[in-house]
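Computed from the coordinates by the stated procedures, all read-outs in this text should not be read as laboratory data. Everything numeric in this text was worked out from a predicted model, so none of it was measured. When we count neighbours, we look across all protein chains shown, and the Cβ atoms used for this are built from the backbone with ideal geometry, even at glycine.
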Amino acid sequence: MTIYLTIFTIITFFYIITIISLSKTKKENQLPSPIALQLVVNQMSDSYIVLGKNNNITDFNETFTKTFNIDSNNLKNMNLKTFLKEIQTSDSDIEKILEFSKKVKKENKPINFEHTFGGLQKTFQIEVTPIALNKDIIGVLFLFKDITQHIKYTTELEEHKKNLTEKLENTYVETIQTIQYTVEAKDLYTRGHSNRVSEYSILIGEKLGLSDDDISRLRIGGLFHDVGKIGIPDSILQKSGKLTDDEYSEIKQHPIIGAKILSNSSIFKEIIPIVKYHHERFDGKGYPEGLKGENIPYLARITAVADAYDAMTSRRVYRDSLPVDKVITEIEKNKGTQFDPEIAEVFLNILKNKIYNSNNKT
Ligand SMILES: [Fe+2]
């Protein structure tokens, strides 16, 4: 009898424990009450509406009525189009949003919608999600996310980034310019040479009908084409007598040194070919690589003509400047050997027509 009583007590104990734990589990899994749900949706920072049949508004949260300043009593069952007209949405935006409401597939990308509240413009991102019951779509959820601040911060951040990049670029250009001035300060006879090469190159580029970007490359390329001379000893740069073979070999390094100096910044990437190849010759007998014809970058071929012209018309430590008519003859003679014939021809026309007054040197 005692055994039966003990077994009965144990079974009763486990039964009670099971009942308690089952009731606990049920409590934990139960759905939140409608009141709790209502509190959550009303405290959401985003606005939403639910559209039923015929695009009638069947549900919305408080954020929506507050955002669009519309009476909740009027909003219930209001048609989406009527609502959009009520808040004075433009016809094109109404059309865009109505079209969007028809696309309720998941891959539908959000659209932006701008609305002005008493002079204050706000941007909303609208997302649309279908509400399905047993695979039937019974409504559409429209979520309005206010992204005005986000856009403002993104724009400010991009502006800040652009300003910083510009400052950095300016600083770099100034640094290279200082190097260029240092190079020219070493040799009085080449002072102003880079500015003039830049100007002549632009004249040729314009006559050839090049793009604004190419003209800008010619301008900067001309200014910095000899920057690599910073790495050549003064004893060679300023030598008045004839250079030895070794000295000449050293001088021929300046396009490579210049290209290396400029390669440290991405902003000079596009002018490096000018700097590196402005001493190449059309017949392949130039330096540093002996490139030939059209293998020489086009802008470098232009700078080469401008550079040679200025070298000939400027006074050097070892000779006086040559008169323009002699320089014209010299360029004519070297068309197709030293110079690209078409580019040389364009420059000769400029000189012959006196488009540029070579006496106006700085
Ligand atoms: Fe040079």
### Message
Going by amide H atoms built from the backbone, whose H comes under 5 Å of the H on Met78, apart from near neighbours?
### Response
Ile57
### Query
In what sequence do Leu141, Leu168 fall when counting other Cβ within 10 Å, fewest first?
Leu168, Leu141
### Task
Note down the Stokes-Einstein diffusion coefficient of segment 260-304 in µm²/s, whole number, using a Kirkwood radius over alpha carbon pairs, 37 °C, and 0.692 mPa s.
312
### Task
Please list the non-local residues whose amide H lies under 5 Å from the amide H of Glu280, H modeled 1.01 Å from N, same-chain partners needing a gap of 5 or more.
Tyr287
### Query
In what order do Met78, Met44 fall by count of nearby beta-carbon atoms within 10 Å, going from fewest to most?
Met44, Met78
### Using alpha-carbon coordinates, inclination of helix 91-102 to the longest axis of the chain, degrees
60
### Message
So if the hydrodynamic radius of the chain is defined as the Kirkwood radius over C-alpha pairs, what does Stokes-Einstein give as its diffusion coefficient at 25 °C and 0.890 mPa s, in µm² per second?
### Response
88
#### Entry: segment 179-295: Lys pairs at Cα distance under 20 angstrom, eight or more positions apart or on different chains
20
### Query
Excluding same-chain residues fewer than 8 positions from Lys102, which lysines have a Cα within less than 27 Å of its Cα?
Lys53, Lys66, Lys76, Lys81, Lys85, Lys122, Lys135, Lys145
#### Entry: Dipole of segment 116-187, positive end: most advanced residue of Thr165, Ala185, Tyr153 [Cβ charges, Cα centre]
Tyr153
### Query
Kirkwood-based Rg over Rh for segment 187-352 (C-alpha set), two decimals?
0.94
### Message
Can you compute the FRET efficiency between Lys292 and Lys252 using 1/(1 + (r/R0)^6), with r the Cβ-Cβ distance and R0 = 22 Å? Round to the nearest 0.05.
### Response
0.85
### Query
When the Karplus curve 6.51 cos²θ - 1.76 cosθ + 1.60 is applied with θ = phi - 60°, which whole-Hz ³J(HN,Hα) does each residue of segment 68-75 get, with x for Gly and Pro?
9, 6, 10, 5, 4, 5, 6, 6
### Task
Mind pulling the angle between the C-alpha long axis of helix 298-313 and the longest principal axis of the chain? Nearest 10 degrees, somewhere in 0 to 90.
30
## Note on the structure
Of the residues Phe142, Gly286, Gln88, the Cα lying farthest along the dipole of the chain towards its positive end, which is defined by charges on the beta carbon of Lys, Arg, Asp and Glu, belongs to Phe142
## Note on the structure
Placing +1 on each Lys and Arg Cβ and -1 on each Asp and Glu Cβ in the chain, then taking the dipole about the Cα centre, the residue among Leu223, Thr303, Thr63 whose Cα reaches farthest towards the positive end is Thr63
#### Entry: Dipole magnitude of the chain about its Cα centre (Cβ charges: Lys, Arg +1; Asp, Glu -1), debye to nearest 20
660
### Message
Can you list residues from other chains, or at least 5 along the same chain, whose modelled amide H is less than 5 Å from the amide H of Asn61?
### Response
Tyr48
### Query
In degrees, nearest 10, range 0 to 90: what is the angle between the Cα axis of helix 341-352 and the longest Cα principal axis of the chain?
70
### Task
Quick one: what are the phi-derived ³J(HN,Hα) couplings along segment 114-120, Karplus 6.51/-1.76/1.60 with θ = phi - 60°, whole Hz, x for glycine and proline?
9, 9, 9, 10, x, x, 9
### Summary
With x for Gly and Pro, the residue-by-residue ³J(HN,Hα) of segment 41-47, computed from phi through the Karplus equation 6.51 cos²θ - 1.76 cosθ + 1.60 at θ = phi - 60° and given in whole Hz, is 5, 6, 9, 5, 6, 8, 8
### Message
Between Tyr172 and Lys326, what is 0.36 nm times their sequence separation minus the Cα-Cα distance? Round to one decimal in nm.
### Response
51.5 nm
#### Entry: Calculated Rg and Dmax of segment 34-146 using C-alpha coordinates, Å
13.6, 45
